[in-house]
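This report concerns only the one structure given below.
Taken together, the values in this text are just the output of simple stated rules run on the coordinates, not laboratory data. Because the structure is predicted, anything quoted here is derived from the model rather than measured. Cβ placement follows ideal geometry from the backbone for every residue including glycine, while neighbour counts extend to all protein chains displayed.
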Amino acid sequence: MPEVDASQFTIGVFQDVAWAERGLDALKTQRFLNEALSLVAKDTPENVALIEKRFSAAPVRLDLPRLGPVVAIGSLIEALNGGQPNLVRVGLAAALKRVGFQAHDGQIFEALTGKGGVLVAVKGEPRAADALAVLHSFGGGNAAIGAWTGRL
């Protein structure tokens with residue numbers, strides 16, 4: 001069995017860049033560090049600009065099954081792309097099992113991202129409930145904490 005990153009992630013999908021910016025601002029206000037944040041979105045100029053502005057770094061570009069070209073940044077991508085099967089081969093929905101999400105959660109996150117949503121993930125168990133509250137409060141749809149540690 002492949003080694004799985006046991007880090008816990010809290011994930012929500014914002015409907016667009018404007019809502020994602022509000023959510024990221026709220027997370028920053030609550031003292032969540034950029035190092036704890038990850039983002040996945042369709043490859044658009046607006047999403048690239050959001051990543052460059054918020055993370056002061058260029059995004060990673062990936063071509064994912066069912067989603068097509070996306071931009072991404074953060075430790076969630078490292079956790080999903082490490083080992084086998086990896087993110088680029090199986091897609092976002094299936095890869096999210098690696099970090100504790102049920103298949104149906106992954107399918108919802110993938111569908112919302114595919115419709116133009118901006119997936120934001122927060123790494124870390126100690127403040128997972130705080131991250132969940134912020135994501136919910138600022139429009140992070142279907143926000144959830146990954147807890148299931150089953151098999152791929």
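Could you tell me which of the pairs LYS28/LYS97; LYS28/LYS53; LYS42/LYS115 are separated by over 19 angstrom between their Cα atoms in the structure shown? Pairs exceeding the cut-off: LYS28/LYS97.
Set the Cα radius of gyration of the chain against 2.2 N^0.38 Å, with N its number of residues, and you get 0.92. Ordering GLU35, GLU21 by the number of other Cβ atoms within 10 Å of each residue's own Cβ, fewest first, gives GLU35, GLU21.
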